[in-house]
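Take a look at the structure below.
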Amino acid sequence: MAIVVKVNIDVLYNKVASISDSVKDIRQEIANISGLQQELSKKYWGGDAAEYHFLEYNEIAKDVGPALYSMMKKCQEFYKIAETYDKVEGYNLHAESGKLPTDFLN
């Protein structure tokens, strides 16, 4: 017995876009927080202490970079999966109607 799973391609594309937008929002918020952190460091600390405080924060914040990069790569992979699914479903619809092109594998 075969199990057939059908996906609403619009929902799939929207989910991928939503995840990608969320990652971009996180990246922007980290940049905003970094700017605020630098301002606060200068406001509450002076000279080398301000610089040290900000650099210590940056050490923590830079660890997030690889995770965000990985998430964006996953979004690209999800988008490719969605495109492939969309393409194959198009071929399936053509095959069911008897209109499958002879070069569908290219």
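No value in this document is a laboratory result; all are computed from the given coordinates. Quick caveat: nothing in here was measured; it's all calculated off a predicted structure.
What is the total of Lys pairs in the chain with C-alpha atoms under 24 Å apart, excluding same-chain pairs fewer than 8 positions apart?
For the chain, the number of qualifying lysine pairs is 21.
Using only the Cα atoms, what convex hull volume per residue in Å³ does segment 22-64 have?
Per residue, the Cα convex hull of segment 22-64 comes to 46 Å³.
Tell me the relative contact order for the chain as a rounded percent, counting alpha carbon contacts under 8 Å between residues six or more apart.
Averaging sequence separation for qualifying contacts and normalising by length gives 34 percent for the chain.
Can you tell which of ALA50, ALA95, ALA82 shows the greatest fluctuation in a Gaussian network model of the chain with Cα springs below 10 Å?
Sorting by GNM fluctuation, first place goes to ALA95.
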